[in-house]
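Report on the following structure.
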Amino acid sequence: MKNIVITGPIGCGKTTAIKKLIQACSLKVGGFRTVPVFEGKRRRGFVIEDYLAGSPLLDHRGTGMIGEFTDQNRLVANTAAFETQGVGIIEKALKNHAVLVFDEVGFLEREARAFQNLVMTCLEREDLLVIMALKQREGEFFLDRIRHHEKTELFTMTPDDRDEVFEDILAFCKRRYFNEKS
């Protein structure tokens with residue numbers, strides 16, 4: 001089974017495309033999304049949340065954030081959060097769903113080996129469809145492994161072509177998984 005991986009610059013519409021695809025195909029999904037955490041107007045970092053629960057599973061005071069900005073505005077990864085909460089969310093989703101959403105996979109996972117291994121295992125499974133937003137950054141070993149994986153259908157999106165790319169993704173999904181002709 002080919003997995004759907006959407007990449008592109010920040011703000012190009014990857015998350016919106018995933019939401020529209022879920023709705024258009026009436027998919028029942030599990031998985032995760034990463035969500036920014038703000039303190040006033042200042043972005044403090046990111047948490048990982050269960051895609052269905054809709055509420056962050058992590059402590060927003062800093063110990064459970066997957067990435068937190070320093071006073072110098074440098075984003076620092078919290079590998080332990082991926083290895084515990086991230087792995088836990090995926091394992092829970094695997095028990096209940098044949099379609100998983102990973103929104104978004106990026107460079108913060110660089111040292112999270114258990115998380116990386118589980119993501120790669122999900123991509124290998126024939127009984128599972130993974131729909132993923134992938135950070136565009138090139139030269140990151142983990143991201144490049146996903147991007148070039150034989151069971152990955154990669155869609156590159158920009159703000160200018162987001163509607164056309166979404167239509168391509170939708171047609172691919174319907175053709176591949178619902179045997180519809182486009």
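Looking only at segment 3-177, where both bridge partners belong to it, what percent of the DSSP beta bridges are antiparallel (to the nearest 5)? For segment 3-177, the DSSP antiparallel bridge percentage is about 40. Mean projected area of the Cα convex hull of segment 89-182, taken over all directions, amounts to 6.8 nm².
Listed by chain and number, the aspartates and glutamates whose alpha-carbon sits under 14 Å from that of Lys2, ignoring those within fewer than 8 places in the same chain, are Glu124, Glu126, Asp127, Glu150, Glu153.
Residues Tyr51, Tyr177 in ascending order of nearby Cβ atoms (within 10 Å, fewest first): Tyr177, Tyr51.
Take every Cα pair under 8 Å whose residues are at least 6 apart in sequence, average their separation, divide by the length of segment 1-110, and the relative contact order is 26 percent. Taking 12 Å as the straight-line reach from the Cα of Lys20, the aspartates and glutamates in range (excluding those fewer than 8 positions away in the same chain) are Asp163, Glu167. Inter-part distance, segment 10-49 to segment 158-173, computed on C-alpha centroids, equals 17 Å. If a/c stays under 1.5 just call it rounded; otherwise compare a/b with b/c (prolate if a/b is bigger, oblate if not). Do that for segment 3-177, with a ≥ b ≥ c from the square roots of the Cα gyration tensor eigenvalues. Prolate.
Rounded to the nearest 20 debye, the dipole size of segment 3-177 about its Cα centre is 340 debye, using +1 on the Cβ of Lys and Arg and -1 on the Cβ of Asp and Glu.
Coordinate-derived values only; no laboratory data. Worth saying up front: this structure is predicted, and the values here are computed from it rather than measured. Note: ideal-geometry Cβ built from the backbone for every residue, glycine included; neighbour counts use all protein chains shown.
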